[in-house]
Amino acid sequence: MPRPEHSISRANISAHALKVLYRLKQSGYQAYLVGGGVRDLLLGHEPKDFDVATDARPEEVRAVFRNCRLIGRRFRLAHVFFGPEIVEVATFRAGPLTDGDEGARQIENGMILRDNVYGSLAEDALRRDFTVNALYYNIEDFSLVDYAGGLDDIAAGRLRLIGQDAVARYREDPVRMLRAVRFACKLGFVIDPSCEGPLFELAPWLHEVPPARLFEEILKLFQAGYALSAFEKLRHYGLFAELFPDIEACLAEEEQGFPITFVNRGLDNTDRRVQDGKPIAPFFLLAVLLWEPVRREYQRLLEAGHREAEAMALAAGTIAGRQQRRVAIPKRFGLPMREIWALQPALERRRGKRPLALIQHPRFRAAYDFLLLRAESGEVDPELAHWWTQFQHVNSSERAAMTAERKSAGRRKRRPRKTRKAKQPEARGGEAALSGQVAESQD
Ligand code: ATP
Ligand code: MG
């Protein structure tokens, strides 16, 4: 499609991506903008990032740019750095059905494990996932190249895998199932029935994807402003149960209860923060998602006689440990996630010096937000959340009054002496939580 017939203008392409395209061209290579950048520009959205496709080999790309690093073994490509912006440059791939060097390509049981056999633009177009992701903008003459029917699908608002055999395309890379959900949410597109039908059956294939790769995909699904609809769609297709089996087990049982309200509210809050341009913390989101299984295990351990802090640490270890086998949560998110949980029992204690120490805790704010969410969804008494809201806003003498050990007129009856003694170890556990020492015992 020649330039006058489409709406993509260089004015809307990042200066850095243009620089990469022009430099490749000047060096004698073909260079195209491809993927989400082209798709989003045609839809009038602002692209998240820009991907470039070229006939230059990764090493040749590196020779052209000083600010360039080659990454990936499974799928080798070049990252060209401009401060915080990265332009991803991929060499044209041949389709998996063409002959290739078997070291460069590895296919097992229909799954593409390594794909570094290079090919032509036409081949590259057909090995991509969805037709709308296989549109190329040619820097040579500013035309659009469409081998897969992506322009028609963009016009129709339809998400369609390239080729006739959707099951085989999901088999090649099961992550495409999650990408189908993601693009359906992001673009508001309908998944073509030929590609939607298999989703209901093929969720178990996600088991074969490395848990670290699934984590990356989960972040993309839940951090882009459409987490709630992504969550609902993933559950609809049975994909969520494969990713988060413990959560699904709780939710399936409690379709009307507070666990689902809690998760829905948490995701909805996240979406609103993204829409308002506020930062979001992946560990908070993960803490919300996994809370119900953790809470149940915690209750079970309390009933079995464990102290609060110990029960919470054990419950966190069990649930987070099991979760790692499906979706690998990196430590930098896993630790703060557990701290949020560990602080929940501590937030129930309002007397003495502990509340003052607690608001100094680096994770207090997140733990308090978490408590608010629990209160809003009916899991804890809203009065407790209100108390903490107030406590943060009053001066020190009012704080002293709020935390004073009650003599007689307390809301709760004072415990007989013996019981108070028995509770002491639990209080010590609270302090362990305050110092942020979250047990890593089950990792
Ligand atoms: P966005 O960047 O907005 O999330 P995108 O379509 O650019 O969406 P990327 O993950 O950046 O997605 O990938 C860039 C392009 O690479 C895609 O548009 C698609 O053409 C191709 N691609 C990415 N992942 C796959 C995959 N698993 N299978 C086939 N092609 C893929
Ligand atoms: Mg992209």
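With all protein chains kept in place, the per residue accessible area of the stretch 255-296 amounts to 43 square angstrom at a probe of 1.4 angstrom. Solvent exposure of the stretch 1-72, expressed per residue, is 51 Å² of accessible area, with all protein chains present and a 1.4 angstrom probe. Its Cα centre serving as origin, the stretch 269-311 has a Cβ charge dipole (Lys and Arg +1, Asp and Glu -1) of approximately 140 debye. Between GLU140, GLU248, GLU232, the Gaussian network model of the chain with springs among Cα atoms under 10 angstrom shows the greatest mean-square fluctuation at GLU140. Grouping the Cα pair distances of the stretch 1-156 into 5 Å bins from zero gives a pair-distance distribution of 2, 9, 19, 22, 20, 15, 9, 3, 0, 0 percent in increasing distance order.
What you get for the stretch 163-240, charging only the Cβ of Lys and Arg (+1) and of Asp and Glu (-1), is a dipole of about 240 debye around the Cα centre.
Could you work out how far the C-alpha centroid of the stretch 257-296 sits from that of the stretch 146-198, in angstrom? The distance from the Cα centre of the stretch 257-296 to that of the stretch 146-198 comes to 28 Å. The residues GLU88, GLU339, sorted by heavy-atom accessible surface at 1.4 Å with ligands and nucleic acids left out, run GLU88, GLU339 from largest to smallest.
For the stretch 163-240, the solvent-accessible area with a 1.4 angstrom probe is 37 square angstrom per residue. Sequence-distant contacts, meaning Cα pairs under 8 Å at least 6 residues apart, place the relative contact order of the stretch 1-156 at 24 percent. By the compact-protein rule of thumb, 2.2 N^0.38 Å, the alpha-carbon radius of gyration of the chain corresponds to a ratio of 1.18. Proximity of backbone amide H atoms, modeled 1.01 Å from N, is registered between ILE107 and LEU113 at under 5 Å, excluding neighbours fewer than 5 places apart on the same chain. Placing unit charges on the Cβ atoms only, positive for Lys and Arg and negative for Asp and Glu, gives the chain a dipole magnitude near 3120 debye about its Cα centre. Normalised by the number of residues in the chain, the mean separation of alpha-carbon contacts (under 8 Å, six or more apart) gives a relative contact order of 10 percent. On the stretch 116-163, 48 percent of the accessible area sits on carbon and sulfur atoms, based on a 1.4 Å probe. Ordered from largest to smallest accessible area (heavy atoms of protein chains, 1.4 Å probe), the residues HIS6, HIS207, HIS45 come out as HIS207, HIS45, HIS6. Based on Cα contacts under 8 Å between residues 6+ apart, the stretch 182-285 shows a relative contact order of 29 percent.
Cα centroid separation, the stretch 59-127 to the stretch 331-385: 46 Å. Its Cα gyration tensor gives the stretch 163-240 an equivalent ellipsoid. The semi-axes, each the square root of 5 times an eigenvalue, are 18, 16, 10 Å from largest down. What a 1.4 Å probe finds exposed on the stretch 349-399 is 51% carbon and sulfur by accessible area, rounded to a whole percent. At the residue level, TRP387 shows approximately 20 square angstrom of accessible surface with a 1.4 angstrom probe and all protein chains present.
The values are calculated or read from the model by the stated rules, or taken from the named source; none is laboratory data. From a predicted model like this one, the values you see are computed outputs, not experimental measurements. Heads up, the Cβs are rebuilt from the backbone with ideal geometry, glycines too, and the neighbour counts pull from every protein chain shown. What goes into the accessible areas is simple: the full protein's heavy atoms, side chains included, and nothing from ligands, DNA or RNA. Shrake-Rupley method; radii C 1.70, N 1.55, O 1.52, S 1.80 Å.
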